[in-house]
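Colleague: Here's a structure for you.
None of the figures in this text is laboratory data; all of them are computed from the coordinates on show. Note that the coordinates shown come from a computational prediction; the quantities given were computed from them, not determined experimentally. Here the Cβ positions follow ideal geometry from the backbone for every residue, glycine too, while neighbour counts run over all protein chains shown.
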Amino acid sequence: MGIDYLFDTNILIYLLNNCLAENLPSGRYGYSVITEIELLSFPALTATDMEIINTYLGNIVLMNLTEAIKQKTISLRRTYRIKLPDAIIAATAIEAGAVLLTNDKALHAIENIACLSLQVKQP
C-alpha cells in the first residue's frame with residue numbers, strides 16, 4: 001500500500017498532544033518503525049498514553065526496514081552525517097516516494113527528499 005506522507009516522530013508527538021496549529025494535508029499516511037520505537041520508549045508514558053499511540057498508529061501504514069531503506073540510510077549517514085534514527089526515517093520517506101512531515105531543519109537540507117513543516121501552536 002502506497003503512502004503520500006510519512007510522519008517524523010516530532011510531528012506525531014505534536015499531533016498526539018494536540019499542538020499542531022494547522023490541519024494535516026489530505027492523503028495516505030505512514031510511519032517508520034523507528035518512529036514507533038521512539039514514541040513508545042519514552043519512560044514517562046502511561047498505559048493510557050500507550051493505548052492512544054497504538055490506536056493512532058494502528059490506523060496508518062507501518063513502514064518496516066527493507067534492503068533499499070537500509071542502503072539509502074547508509075548513503076544519507078555518510079553524506080549528511082545525521083543521526084541514525086533521522087537517516088532511517090528520511091530514507092523511508094525517499095524510498096516510499098512520500099513527503100516527509102517534519103519540523104527538523106536538518107532533514108529539510110537533504111537533497112531529493114520532499115519535506116513539509118507544520119505550524120505548532122504557541123503556548
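Colleague: Is the shape of the stretch 1-50 rounded, prolate or oblate, going by the alpha carbon gyration tensor and its root eigenvalues a ≥ b ≥ c, with a/c under 1.5 for rounded and a/b larger than b/c for prolate? Could you put the intermediate results ahead of the total?
Modeller: Numbers: a/c = 2.56, a/b = 1.41, b/c = 1.82.
Oblate is the answer for the stretch 1-50, as a/c is 1.5 or above yet b/c matches or exceeds a/b.
Colleague: Would you kindly state the longest site-free stretch of the chain, with sites defined as trypsin sites (Lys or Arg not before Pro) in a DSSP loop (not H, G, I, E, B) surrounded by at most 13 other Cβ atoms within 10 Å?
Modeller: 29-80
Colleague: Based on the Kirkwood radius over alpha-carbon pairs, what value in µm²/s does the Stokes-Einstein equation return for the translational diffusion coefficient of the stretch 61-123 at 37 °C and 0.692 mPa s?
Modeller: 272
Colleague: Take Thr55 and Ala21, extend 7 Å from each Cα along the Cα→Cβ direction, and tell me the distance between the two endpoints in nm.
Modeller: Here the modelled spin labels are 2.8 nm apart.
Colleague: Return the single residue from Thr46, Thr92, Thr73 with maximal mean-square fluctuation; model: Gaussian network over the chain, springs between Cα atoms under 10 Å.
Modeller: Among Thr46, Thr92, Thr73, the largest GNM mean-square fluctuation belongs to Thr46.
Colleague: Related question: Run the numbers for Ile37 and Arg78: contour at 0.36 nm per residue of separation, minus the present Cα-Cα distance, in nm.
Modeller: Length difference between fully extended and current span is 12.4 nm.
Colleague: Right, something else. Once phi is turned into ³J(HN,Hα) by the Karplus curve 6.51 cos²θ - 1.76 cosθ + 1.60 with θ = phi - 60°, what whole-Hz value does each residue of the stretch 50-57 show in order, with x for glycine and proline?
Modeller: For the stretch 50-57, the Karplus-derived couplings read 4, 5, 4, 4, 5, 5, 5, 5 Hz, x marking Gly and Pro.
Colleague: Taking the stretch 1-91, which GluC sites (Glu not before Pro) meet the DSSP loop condition and have no more than 10 other C-beta atoms within 10 Å?
Modeller: Values: sites: Glu22, Glu36, Glu38, Glu51, Glu67; in loops: Glu22.
Passing both the DSSP loop test and the Cβ count: Glu22.
Colleague: What do you get for the angle between helix 67-80 and the principal long axis of the chain? Use alpha-carbon atoms, 0 to 90 degrees, nearest ten.
Modeller: So the helix axis and the longest Cα principal axis differ by about 80 degrees.
Colleague: Give the long-range amide H neighbours of Val120: residues separated by 5 or more places, or on another chain, with amide H under 5 Å away, using H modelled in the peptide plane at 1.01 Å from N.
Modeller: The list, which skips near neighbours in sequence, is Ala21.
Colleague: Using only the Cα atoms, what convex hull volume per residue in Å³ does the chain have?
Modeller: Dividing the Cα hull volume of the chain by its residues yields 111 Å³.
Colleague: Show me, for the stretch 13-28, the HN-Hα J-couplings you get by feeding each phi into the Karplus relation (A = 6.51, B = -1.76, C = 1.60, θ = phi - 60°), rounded to Hz, glycine and proline as x.
Modeller: The phi angles translate into 4, 4, 4, 5, 9, 6, 10, 7, 8, 9, 6, 5, x, 6, x, 9 Hz.
Colleague: If each DSSP helix of 4+ residues adds -39,500 (n - 2.57) and the sum is divided by the residues in the chain, what number results at 222 nm, nearest 500 deg cm²/dmol? Present the calculation step by step, with values, prior to reporting the outcome.
Modeller: On the way: 6 runs with 58 residues, N = 123.
One gets -13500 deg cm²/dmol as the mean residue ellipticity at 222 nm.
Colleague: DSSP beta bridges in the chain, what fraction antiparallel, as a percent rounded to 5?
Modeller: 10
Colleague: Among Ile82, Ile52, Ile13, which one moves the most in a GNM of the chain with springs linking Cα atoms closer than 10 Å?
Modeller: Ile52
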